[in-house]
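All of the numbers you see were taken from the coordinates with simple rules; none came from a lab. Nothing here was measured: the structure is a model prediction, and the numbers come from that model. Don't worry about glycine lacking a Cβ; one is built from the backbone with ideal geometry, like all the others, and counts go over all protein chains shown.
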Amino acid sequence: MNDQTDGMRRFAGRTALVTGGGSGIGAAVVRRLAAEGAHVHVADVVAPNAEQVAASVGGRAHAVDVTDAAAVDALVAAVVAESGSIDVVVHTAGVDDPVAKGWIQEARESGEPVDVISRLTDEGWRRVLAINLDGTFHVLRAAVRAMREQGGGAIVTVGSSASFDTLVGYPHYAASKAAVHALSQSVAKEAIAFGVRVNTVAPGPVDTPMAGRTPSSVRAAMEATGAVGYASAEELADNICYLASPGAGNVVGAVLLSNGGRFTVS
Ligand code: NAD
């Protein structure tokens with residue numbers, strides 16, 4: 001916890017759900033929400049990770065694949081049934097494409113141009129869009145329905161600076177995250193009528209297991225563009241928890257770019 005938020009209890013008595021909470025940014029959000037008083041439900045497709053993170057904060061673990069709409073509906077219903085409300089939803093579950101990252105690495109090593117788009121399969125495209133975009137739709141829909149019923153709440157989705165920076169070799173990832181931004185902003189405009197605030201954080205490179213799968217040559221190129229190194233998951237958790245907190249009560253439909261000032265990497 002950093003100096004600014006140490007000792008704050010912005011989520012005392014609140015119930016929170018964090019998707020993708022078994023790793024990286026999501027796990028850091030779980031720890032921060034719990035440290036600030038929330039009872040946290042941790043959902044992840046990797047059940048043991050969700051269980052481990054939930055156990056570390058006295059929270060509740062759920063195994064869920066966010067591409068499964070019925071499973072996401074059941075997850076939100078279970079949170080409300082068990083805890084009586086769902087005040088904060090942070091949707092961090094997402095993926096990039098390790099196969100495409102391998103192609104980028106190969107190209108950089110051989111000196112050939114990066115050529116992901118002509119090698120990308122339908123399955124490779126669908127996987128990223130299904131998890132990143134369909135998953136966000138499923139979570140937003142289920143969360144807004146439940147929060148509307150109870151008279152309000154706060155939702156934070158996670159996009160990526162990759163959709164602004166248009167990294168070379170990330171066409172499906174960049175497209176999915178640009179769509180997450182637009183989807184979240186559109187839903188924000190509807191949901192605020194029901195007292196539900198929707199906002200998004202768009203991280204640049206963050207030191208998580210996902211970033212650990214980034215080719216070394218790509219990572220070196222990213223690091224060379226910024227005055228500061230990769231952000232920590234805790235820094236992103238700070239940004240996310242601010243948007244979920246009462247202090248951001250006037251912030252609706254924001255896409256908060258948190259990338260340390262890094263822009264194009266080619
Ligand atoms: P991570 O791999 O550490 O964590 C992602 C979590 O999502 C994992 O626990 C994974 O099991 C879970 N997940 C994946 N598919 C799922 C599914 N179908 N259903 C439920 N859970 C699923 O990665 P991270 O870096 O913490 O990423 C969190 C979010 O931040 C992602 O949306 C990612 O796209 C975004 N992001 C990350 C970076 C970065 O550099 N790390 C940069 C920009 C955006």
Legend entry - Dipole magnitude of the chain, debye to nearest 20 (Cβ charges: Lys/Arg +1, Asp/Glu -1, about Cα centre): 540 debye
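What's the longest uninterrupted piece of the chain once you rule out the trypsin sites (Lys or Arg not before Pro) that are loop residues per DSSP with at most 14 other Cβ within 10 Å? Intermediate values should be presented prior to the final figure.
Numbers: sites that count: Arg9, Arg119, Arg213.
That would be 10-118.
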Inset, instruction - For a footprinting-style exposure proxy, rank Met147, Met8 by other Cβ within 10 Å, fewest first. - result: Met8, Met147
Legend entry - Where N is the number of residues in the chain, Cα Rg divided by 2.2 N^0.38 Å: 0.98
Inset, instruction - Mind checking which of Leu183, Val66, Gly152 is farthest towards the positive end of the chain's charge dipole, using Cβ charges of +1 (Lys, Arg) and -1 (Asp, Glu) about the Cα centre? - result: Gly152
Legend entry - Residue order, fewest to most beta carbons within 10 Å, for Val29, Val198, Val46: Val46, Val198, Val29
Legend entry - the chain: relative contact order in percent, alpha carbon pairs under 8 Å with at least 6 residues between: 19 percent
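With only Lys, Arg, Asp and Glu charged, each at its Cβ (+1 for the first two, -1 for the last two), find how big the charge dipole of the range 146-215 is about the Cα centre; round to the nearest 20 debye. Intermediate results must be reported in sequence, preceding the final value.
Numbers: 5 positive and 4 negative charges, 14 e Å.
In debye, rounded to 20, the range 146-215 gives about 60.
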